[in-house]
Amino acid sequence: MAAEPALRRPSEDGLYEADYYAWVQAQVSALERGDMAALDVTHLADEVADLGRSEKHRVESNLNALLLHLVKWMCQPDRRKGGWEVSIREHRKRLLRDLADSPSLKRHASEIVAEEYDLARRRAAVQMQPRDTIPEHCPFTIAQILDPEFLP
């Protein structure tokens, strides 16, 4: 009877570092087969955590872009452009889609409105004249921000 080959820990074979796509495919295959011994648990855990961070960052990015154009729309009614409305609608749609896919991120979005508004306000100040028309604190509620029909 032949001896069984020694199980090699996947993280030790260097595939993760050498060919990320091949590593991903190997992990998917191992998961589909239920072959837990073939999983690179350390890197897999890192990658899953990164997925969660990416989802949060996408919410933050879309919220920031949405707030920037809401501020510009509100503070410069005489300079409104179709592109601003397109951006408002597009980033709101992306944000709503992300929140529908991961409802637990709605709380995160609510928690970071002030921070993202401050960043958007600073960006708007670089682009706008006069700058003193930009409210220091977010003038929009999270319900308004997410409302597909809301334009200030």
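Readers should treat all values here as calculations from the given coordinates under stated rules, not as data from a laboratory. All values derive from a computational prediction rather than experimental measurement. Here the Cβ positions follow ideal geometry from the backbone for every residue, glycine too, while neighbour counts run over all protein chains shown.
Tabulated results
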| item | result |
| --- | --- |
| Cβ-derived FRET efficiency at R0 41 Å, R33 paired with E136, nearest 0.05 | 0.10 |
| Whole-Hz couplings from phi, Karplus 6.51/-1.76/1.60, listed for the stretch 83-99; x for Gly and Pro | x, 5, 5, 4, 5, 4, 5, 5, 5, 5, 4, 4, 4, 5, 5, 5, 6 |
| The stretch 54-146, dipole about Cα centre (Lys/Arg Cβ +1, Asp/Glu Cβ -1), debye to the nearest 20 | 320 debye |
| Sites matching GluC sites (Glu not before Pro) across the stretch 115-150 that sit in DSSP coil, with at most 14 neighbouring C-beta atoms within 10 Å | E136, E149 |
| Residue-averaged [θ]222 nm for the chain, counting only DSSP H segments that reach four residues, each worth -39500 (n - 2.57) | -22000 deg cm²/dmol |
| Protection proxy ranking, peptides 25-32, 44-51, average beta carbon neighbours within 10 Å, highest first | 25-32, 44-51 |
| Rounded tilt (10° steps) of 20-33 against the dominant C-alpha axis of the chain | 70 degrees |
| Segment Q144-A100, extension gain: residue separation times 0.36 nm, minus the distance between their alpha carbons | 14.2 nm |
| Projected area, mean over directions - the stretch 54-146, Cα convex hull, nm² | 5.5 nm² |
| Set of lysines with alpha-carbon distance to K56 below 25 Å, sequence-local pairs under 8 removed | K72, K93, K106 |
| Efficiency of FRET between A22 and H108 - r from beta-carbon atoms, R0 22 angstrom, step 0.05 | 0.10 |
| Dipole of the chain, positive direction: furthest Cα of A38, A124, P77, with charges on the beta-carbon | P77 |
| Packing-based exposure ordering (other Cβ within 10 Å, fewest first) of H69, H43 | H43, H69 |
